[in-house]
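Only one structure is covered here, and it is reproduced in the block below.
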């Protein structure tokens, strides 16, 4: 594998509690990314296999995973699917250049972003910061007061956009990935409007959707399943054939 290595400008050693798991079966790549992330103050652990990654995640404290899709005889997609079944830790998938199908499937199994090889270290750092920012891992929760919170309510659901939390009508939390939270935020802000895929992609700043419809369709499908189960007939997210999607819930902003 060939990486374009450019040292990030303005690197700092300030303390940062976020723990990044670097998953790759090539030791030089793991070392390269470890050095890059540690130079920015992140805590880093390495894993060469799905089993090693699972141990790290179960031990707790992992704030983000960079996961190569090709790990010897293992499938990075299957590893991601297994992690996502147990945890909502953000995942950045590392794919081969041009592997569009893998990227789409990666989003389908719950990855938050992806980066194609070869990549610049500066680009990788930008992706990490963007995903962490969206996931709230670096947010100062203590500075948030209820008076400042932005809350949307619809059909018994409560979506706290400030805290990036969604509660079901029975009050139980609904676990969403960072990408699903961002998508829901776009939809609830424009209830009743038909949003084309291009319009949704334009609103989802910070995500790289490779300008393909299937990536958005996959995210909508995952979010719809969590909101409605498998019934599109009573879905809060309607598919408008040939046009896009529309959020049909009656939204009240608190």
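Every read-out reported here was derived from the displayed coordinates using simple, explicitly stated rules and does not represent laboratory data. Quantities reported herein were computed from a predicted structural model and do not represent experimental measurements. Every residue, glycine as well, gets a Cβ built from its backbone with ideal geometry; the counts of neighbours run over all protein chains shown.
Points worth noting:
- Distance between the 7 Å Cα→Cβ label points at residue 43 and residue 150: 3.1 nm.
- In terms of surrounding Cβ atoms within a 10 Å radius of their Cβ, 19, 193, 120 rank from fewest to most as 193, 120, 19.
- Placing pseudo-labels 7 Å out from each Cα toward the beta carbon at residue 133 and residue 120 gives an inter-label distance of 1.7 nm.
- Normalising by residue count, region 19-135 has a Cα convex hull of 92 Å³ per residue.
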